[in-house]
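Contents: one structure, followed by commentary.
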Amino acid sequence: MAACAVGENRNEASLNKQAKMAVPHYDVEQQTSQKLEKDDLDYSQRAQWLRAAVLGANDGLVSTASLMMGVGAVRHDIKAMILTGFSGLIAGACSMAIGEFVSVYSQLDIEMAQIKRMKESVNNGDQEERTTERLPNPIQAAAASAFAFSVGALVPLLAALFVREYKVRLGVVSAAASLALLVFGGVGAVLGRAPVVRSCLRVLIGGWLAMAITFGLTKLIGSSGL
C-alpha cells in the first residue's frame, strides 16, 4: 500500500509539474499573438498620415525647387526666383490640402456605407466600434498634406534667399534639395520599415530628373524667343 501511495504521489507531482510548464508556454504564444496584432494595427493606422506627410514633403520640395530652377534658367535676379518659389508653396499647399481632403472623404463615404450595410445584415456592435475607430479623417489628412508640402517647399526657398550670385544660388538650391530628398526618403523608409538605401536613391533620382527636365525645357523655350 505504501508503495502504491508513493507511486500515486509521484504521478500527481509529475502531472502538476507538466501543467505548470504548459501554462507559461501558452502565455508566451498568446502574448506573441497579441503583440503581432498590435504591431499590425499600429502600422495600419500609421499608413494614413505617413503617406500624406512623406508625399506632401517630397512634392513640396521637388515642385518648388523645380519651379525655382526653371525660372533661374531664364531669369538671373533673385526676386523672380523667390517670388516663383513662394507662389509655388502657397498654390501647392492649397492644392495638396484640397486634393487630400476630397480623396480621403471619398474613402470615408465608401467605408461608412460598408459599415451601414454590415449593421443592417449582422448585429455586431464590437466589430462596428473597432471599424469606426479606424476610419480615415479627411481634415487631418488635408492638414498633414498642406503642412508637409510647406515644410518641403521651404527648403529651396531658404537656401536661395540670401545668395545673390546667380550660379552659386542655383548650386545651393540643387544641393539643399538633394540633401532634403535624402532625408525625406530615409525618414519615410525608417518609419515604414522599408529598405533605406533604395528608398533614398529612388527619391533622390526622381527629384534630380524633375529639376533637370524643368530647367532644360524652360531654358530651351526661353532661348527660342517665345
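Being over 23 Å from the mean Cα position of the chain (by Cα) and at negative phi narrows it down to one of Ser199, Ser178, Ser224, so name that one.
From the options Ser199, Ser178, Ser224, the qualifying one is Ser224.
For region 151-165, name all the residues that are of a type in the set (Val, Ile, Thr) and in contact with a Lys or Arg (Cβ under 8 Å, 6 or more places away or on another chain).
Scanning region 151-165 gives a single hit, Val163.
Give region 202-226 a look and list any residue that's within 22 Å of Gly186 (Cα to Cα) and among the β-branched types (Val, Ile, Thr), or say none.
Across region 202-226, the qualifying residues are Val203, Ile205.
Residue-by-condition table, conditions (1) among the β-branched types (Val, Ile, Thr); (2) at pLDDT 55 or above; (3) surrounded by fewer than 12 Cβ atoms within 10 Å (Cβ to Cβ):
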residue	(1), (2), (3)
Asn16	no, no, yes
Asp27	no, no, yes
Gln45	no, no, no
Gln48	no, yes, no
Arg51	no, yes, no
Ala57	no, yes, no
Val62	yes, yes, no
Leu67	no, yes, no
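Where residues in region 183-198 are assigned to a loop (DSSP other than H, G, I, E, B) and in contact (Cβ under 8 Å) with a residue 24 or more places away in the chain, which of them is surrounded by the fewest Cβ atoms within 10 Å (Cβ to Cβ)?
The extreme case among them is Arg193.
Which of the residues spanning region 104-115 are without any contact (Cβ under 8 Å) to a residue 12 or more places away in the chain and surrounded by 14 or more Cβ atoms within 10 Å (Cβ to Cβ)?
Listed by number, the list is empty, since nothing qualifies.
If Ser224 passes every condition in (1) farther than 20 Å from Ala160 by Cα; (2) polar (S, T, N, Q); (3) modelled with pLDDT of 90 or more but one, which one does it miss?
For Ser224, the failing item is (3).
How many residues does region 103-113 hold that are within 13 Å of Ala142 (Cα to Cα) and within 18 Å of the chain's Cα centre (by Cα)?
Going through region 103-113 one residue at a time, the tally reaches 2.
I'd like to know if region 167-182 contains one or more residues that are of a type in the set (D, E, K, R), surrounded by fewer than 18 Cβ atoms within 10 Å (Cβ to Cβ) and not in a helix (DSSP H, G or I).
No, because not a single residue in region 167-182 is of a type in the set (D, E, K, R), surrounded by fewer than 18 Cβ atoms within 10 Å (Cβ to Cβ) and not in a helix (DSSP H, G or I).
So, in region 202-219, exactly how many residues are within 12 Å of Val62 (Cα to Cα) and buried (at least 17 other Cβ atoms within 10 Å of the Cβ)?
Of the residues in that region, 6 qualify.
Scan region 202-221 for residues that are under 26 Å from the mean Cα position of the chain (by Cα) and among the basic types (Lys, Arg) and jot them down.
Selection gives Arg202 alone.
The values are calculated or read from the model by the stated rules, or taken from the named source; none is laboratory data. This one's a predicted model, so the numbers in the text were calculated from it and none came from an experiment. Cβ: placed from backbone, ideal geometry, glycine included. Neighbour counts: every protein chain shown.
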